[in-house]
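Below is one structure; the comments refer to it alone.
Just so you know, all these numbers are worked out from the coordinates, no wet-lab data involved. Bear in mind that the values here come from a model prediction, so they are computed numbers and not experimental data. We place every Cβ from the backbone using ideal geometry, glycine too, and count neighbours over all the protein chains shown.
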Amino acid sequence: MRKALSLLACAAWAGLLLGCSRAPVVVPVDSLTYPAVLITGIRPTLGVAHVARVVVDKEDLSHMRSELYSGLSDTEATDPPIVIDTTANISDMTQIKGEHGGLWMMAHPTGMMPITFTLIQRKQQGIEAARALIADCVYLGHDLDTERSQLRSERIPRATSMAEIVAIVDEMPGADEAANSRD
């Protein structure tokens with residue numbers, strides 16, 4: 001009995017060591033397939049709405065508006081932006097660094113700043129996880145109308161592919177009413 005308990009304790013200890021030693025999987029930006037969806041404003045305690053927008057390529061993903069960057073550059077942040085590519089690979093955007101400093105940002109409060117970052121693969125992957133993350137966003141695309149975003153969010157759970165989800169997120173205001181009338 002004592003030997004069995006000792007063996008069980010050793011197995012549990014080895015499991016803890018092996019579980020803690022796994023390094024996060026870094027996703028190369030070049031491995032993403034575009035267009036992709038970038039979700040920002042994850043932390044609800046700051047009163048920032050979840051926003052999903054489509055990024056068309058690596059260059060688009062590597063630029064961020066100054067006002068968005070200033071909230072995301074906090075190294076203590078536990079809610080990094082999320083990137084979902086067209087194959088439903090989901091990554092957290094971490095270690096975000098802007099090319100310009102505070103003086104440039106003050107002079108260009110809505111300017112697009114080049115950024116560098118690291119993508120870390122999330123445990124949850126696939127179309128189901130992508131649908132859940134994107135449907136939870138308050139705003140989709142560049143449309144700031146919450147009612148239209150809500151109508152589009154209701155269509156996302158019925159989407160069967162990331163291409164369809166990207167089309168919903170990126171559609172022009174008013175296009176969702178026409179899509180709902182066909183449903």
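Below, the figures for the structure above:
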{"read-out": "Under-5 Å amide H pairs with ARG122, H placed in peptide plane, nonlocal only", "value": "ILE90, SER91, ASP92"}
{"read-out": "Inter-label distance for GLN121 and ARG158, nm, one decimal - labels placed 7 Å from Cα along Cα-to-Cβ", "value": "3.4 nm"}
{"read-out": "³J(HN,Hα) computed for each position of region 111-121 - Karplus, 6.51 cos²θ - 1.76 cosθ + 1.60, integer Hz, glycine/proline x", "value": "x, 8, 10, x, 10, 10, 6, 10, 9, 10, 5"}
{"read-out": "Karplus (6.51, -1.76, 1.60) ³J(HN,Hα), θ = phi - 60°, over region 153-166, in Hz, Gly and Pro reported as x", "value": "4, 5, 7, 4, x, 8, 5, 9, 8, 5, 4, 5, 5, 4"}
{"read-out": "Modelled FRET efficiency - R0 35 Å, ALA23 with SER62, Cβ distances, 0.05 increments", "value": "0.90"}
